1. Do we have V20 as part of a loop (DSSP other than H, G, I, E, B), surrounded by fewer than 15 Cβ atoms within 10 Å (Cβ to Cβ) and either touching an Asp or Glu at 6+ places or on another chain (Cβ under 9 Å) or at pLDDT below 80 (or both) here?
2. Which residues, taken from region 130-154, are in contact with a strand residue (DSSP E or B) (Cβ under 7 Å, 6 or more places away or on another chain) and on the phi > 0 side of the Ramachandran plot?
3. Of a type in the set (G, A, S), more than 18 Å from P23 (Cα to Cα) and either at pLDDT 95 or above or in contact with a helix residue (DSSP H, G or I) (Cβ under 9 Å, 6 or more places away or on another chain) (or both): does that describe S121?
4. Which strands (runs of 3 or more DSSP E) does region 75-154 wholly contain that include 2 or more residues that are in contact with an Asp or Glu (Cβ under 8 Å, 6 or more places away or on another chain) and hydroxyl-bearing (S, T, Y)?
5. Is it true that some residue in region 34-41 is closer than 20 Å to T150 by Cα, in contact with a helix residue (DSSP H, G or I) (Cβ under 8 Å, 6 or more places away or on another chain) and surrounded by 14 or more Cβ atoms within 10 Å (Cβ to Cβ)?
6. Of the residues E60, E65, only one is surrounded by 14 or more Cβ atoms within 10 Å (Cβ to Cβ), out of contact with any Leu (no Cβ under 9 Å at 6 or more places or on another chain), modelled with pLDDT of 90 or more and under 15 Å from H109 (Cβ atoms); which?
7. Against the condition under 17 Å from N73 (Cα atoms), among the aliphatic types (A, V, I, L, M) and either under 13 Å from the mean Cα position of the chain (by Cα) or surrounded by fewer than 18 Cβ atoms within 10 Å (Cβ to Cβ) (or both), how does V96 come out, does it pass?
8. Which numbered condition in (1) modelled with pLDDT under 95; (2) assigned to a helix (DSSP H, G or I) is the only one that L45 fails?
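The values are calculated or read from the model by the stated rules, or taken from the named source; none is laboratory data. No experiment lies behind these values; they were computed from the predicted model shown. Heads up, the Cβs are rebuilt from the backbone with ideal geometry, glycines too, and the neighbour counts pull from every protein chain shown.
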Amino acid sequence: MRSHVHAIAVVGLLLVGCGVRQPQPGDSVLLPESATRQLVRSGFLKGGSLGGYWQPTDKELSSLEAKIPSVANLRSERVIVGAQISEPAKNYRQYVAFTLNGHKTIYVHGFCVAPMKDWESHLEVIFDGGTCVWSVLYDVDSQTFSHLTTNGMA
């Protein structure tokens with residue numbers, strides 16, 4: 001009996017070791033073009049001239065990542081007006097690239113709750129959450145963030 005328990009434990013450890021890495025706080029992912037349509041339907045991108053999807057380079061994404069901590073200096077413009085995000089680099093983040101008013105723009109969707117399994121292909125839809133769920137626009141040319149928005153509270 002004892003050898004059966006030991007064998008089951010070893011098999012369990014092997015299965016865990018072979019599994020797919022689970023997302024960790026601070027992880028980020030660039031979403032596919034289909035997420036741009038999902039973002040438009042969400043109503044976040046009101047106003048402005050929305051252009052097509054584009055593929056950011058590794059250098060552009062690295063620059064964005066390096067500047068993520070500066071999001072903490074912004075204040076929310078919508079929903080919880082004036083709220084700030086204390087440690088944005090510790091949140092999960094999804095990126096959607098598109099042009100907005102002729103500028104290369106990356107929409108950043110941040111959240112502190114563990115993402116769904118399909119978070120690498122679909123924009124996470126999270127209701128409420130306050131400052132735990134936020135979004136911001138990143139202008140690639142100026143390397144600046146703007147239009148911070150937080151979710152509401154239930």
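1. In short, yes.
2. G130, H147 - these are the residues of region 130-154 that are in contact with a strand residue (DSSP E or B) (Cβ under 7 Å, 6 or more places away or on another chain) and on the phi > 0 side of the Ramachandran plot.
3. In short, no.
4. 144-150
5. Within region 34-41, none of the residues are closer than 20 Å to T150 by Cα, in contact with a helix residue (DSSP H, G or I) (Cβ under 8 Å, 6 or more places away or on another chain) and surrounded by 14 or more Cβ atoms within 10 Å (Cβ to Cβ).
6. From the options E60, E65, the qualifying one is E65.
7. Taking the combined requirement at face value, the residue does not satisfy it.
8. Of (1) modelled with pLDDT under 95; (2) assigned to a helix (DSSP H, G or I), only one is false for L45: (2).
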